1. Here are the criteria: (1) under 30 Å from LYS172 (Cα atoms); (2) of a type outside the set (S, T, N, Q); (3) open to solvent by less than 70 Å² (accessible area, probe 1.4 Å); (4) over 19 Å from the mean Cα position of the chain (by Cα). Tell me which single one ASP149 does not satisfy.
2. Need at least 3 residues that are under 19 Å from LEU90 (Cα atoms) and hydrophobic (A, V, I, L, M, F, W, C) per element, so show me which helices (runs of 4 or more DSSP H) inside segment 1-74 make the cut, counting only ones lying wholly within it.
3. If the requirement is being surrounded by 11 or more Cβ atoms within 10 Å (Cβ to Cβ), of a type in the set (D, E, K, R) and more than 22 Å from the chain's Cα centre (by Cα), which of these qualifies: GLU121, GLU185?
4. Restricting to segment 77-89, count the residues that are open to solvent by 10 Å² or more (accessible area, probe 1.4 Å) and among the aliphatic types (A, V, I, L, M).
5. Output the number of residues of segment 100-118 satisfying the condition of being surrounded by 16 or more Cβ atoms within 10 Å (Cβ to Cβ) and either free of Cβ contacts under 8 Å to residues at least 24 places away in the same chain or farther than 18 Å from ARG55 by Cβ (or both).
6. Which residues, taken from segment 60-76, are open to solvent by 50 Å² or more (accessible area, probe 1.4 Å) and within 18 Å of PRO22 (Cβ to Cβ)?
7. Just to be sure, is ARG174 basic (Lys, Arg), under 22 Å from ASN78 (Cα atoms) and buried (at least 17 other Cβ atoms within 10 Å of the Cβ)?
Amino acid sequence: MSDKQALTDYPIHKLLAERWSPYAFEDRPVADADLRSLFEAARWSASSYNEQPWRYLIATKENPDDFQKLLLCLVEGNQVWAKSAPVLVLSVASLKFTLDRENNRAAIHDLGLANGNFAVEATARGLCVHQMIGILPDRAREIFEIPQDFEALTAIAIGYQGDPNLLPDTLKERDLALRQRKPVEQFVFSGKWGNSSPLVKR
């Protein structure tokens, strides 16, 4: 799907190594069957007390009015490139437990897990997803009438990897740049905070 496979220090599944978030998308629709499977993957994510706090709003270019409404929920910097994706999704978390209406401290974590499943399933299908924190939650609440106990947290652009040469220069540079991550020893500790675990120390 891309030439940006992660250069890992330790072996991982190839779908995880291949997954990345482009800014450039082809002008090519995504099959409904593939989209259904992305949401099915999210459905089977783990969640605290099996609460399944994730909710999604989807818009495709096949319905221009809905697509424009969802595009307006992104910050301007994200609208610049996300308008080229054939599918946009707004991911929303239910912040209260259904049973007792207490705050669900795991809701945002669990939405992230669901979106992780979503992204891996997309990669398996030759699709790319680009997740964004740069959204306008208040505008999303107003446009889509999102209830008070729910919060729009991220947006997701979905499609097929496009030509980065068609992007503005700053975004083109990001799409062409090598992928980088902190080494594992910088975030896996033992004994005390900041002390790299012998498991991963090189």
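1. It is condition (1) that ASP149 fails.
2. It comes to 32-43, 64-71.
3. Result: GLU185 is the single residue among GLU121, GLU185 that is surrounded by 11 or more Cβ atoms within 10 Å (Cβ to Cβ), of a type in the set (D, E, K, R) and more than 22 Å from the chain's Cα centre (by Cα).
4. 1
5. 1
6. Result: LYS61, single match.
7. no
The values are calculated or read from the model by the stated rules, or taken from the named source; none is laboratory data. These figures come from a predicted structure and were not determined experimentally. Don't worry about glycine lacking a Cβ; one is built from the backbone with ideal geometry, like all the others, and counts go over all protein chains shown. These area figures cover heavy atoms from the full protein model, side chains too; ligands, DNA and RNA do not enter into them. Shrake-Rupley method; radii C 1.70, N 1.55, O 1.52, S 1.80 Å.
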